[in-house]
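The structure appears right after this line, and notes come after that.
The numbers here are math on the coordinates, done by the rules we state, and not lab data. Just so it is clear, the model here is predicted, and its values are computed rather than measured. We place every Cβ from the backbone using ideal geometry, glycine too, and count neighbours over all the protein chains shown.
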Amino acid sequence: MIETTATVPTAHGAKYVKQLCNHWAHKLEVEQSEGVGTVRFPAAAATMRAAGERLVVTIGAEDEATLERMKSVLATHLDRFAFREAPLPFDWQPGR
């Protein structure tokens with residue numbers, strides 16, 4: 001599995017984690033607790049964690065193509081919920 005992580009500046013990270021988890025819970029496996037959520041997609045998983053004035057998003061995927069697609073899915077959905085702040089900057093960094 002390959003990983004990437006982005007730190008997104010926002011004061012509303014916990015709110016966005018909750019909204020995104022609720023949005024995807026209708027079709028996907030979702031785990032959610034206070035300010036943290038994990039969504040399991042086919043061939044990938046995304047973990048979002050609110051941390052002060054930022055949201056840390058980590059995606060793990062089976063292959064590079066899926067990773068690239070999931071980066072776009074996460075950014076697009078987050079911008080949709082964060083429309084007052086959008087577009088949010090995602091500085092994706094390779095994982096371990």
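Taking a ≥ b ≥ c as the square roots of the Cα gyration tensor eigenvalues, region 1-40 comes out oblate, since a/c reaches at least 1.5 and a/b does not exceed b/c.
Loop exposure criterion: GluC sites (Glu not before Pro), DSSP state outside H, G, I, E and B, at most 13 other Cβ atoms within 10 Å. Applied to the chain, the longest stretch between such sites is 63-96.
Fully extending the segment from Ser72 to Arg40 would add 10.0 nm, taking 0.36 nm per residue of separation and subtracting the current Cα-Cα distance. Maximal additional length on extending the Glu64-Val30 stretch stands at 10.0 nm, based on 0.36 nm per residue less the C-alpha distance.
Each of Lys27, Lys71 was scored by other Cβ atoms within 10 Å of its Cβ. Listed from fewest to most, they are Lys27, Lys71. With a Förster radius of 41 Å applied to the C-beta separation of Ile2 and Arg84, the computed FRET efficiency comes to 0.80. Report summary: the helix-based calculation at 222 nm, which adds -39500 (n - 2.57) for every DSSP H run with n ≥ 4 and divides by the residues of the chain, gives -10000 deg cm²/dmol.
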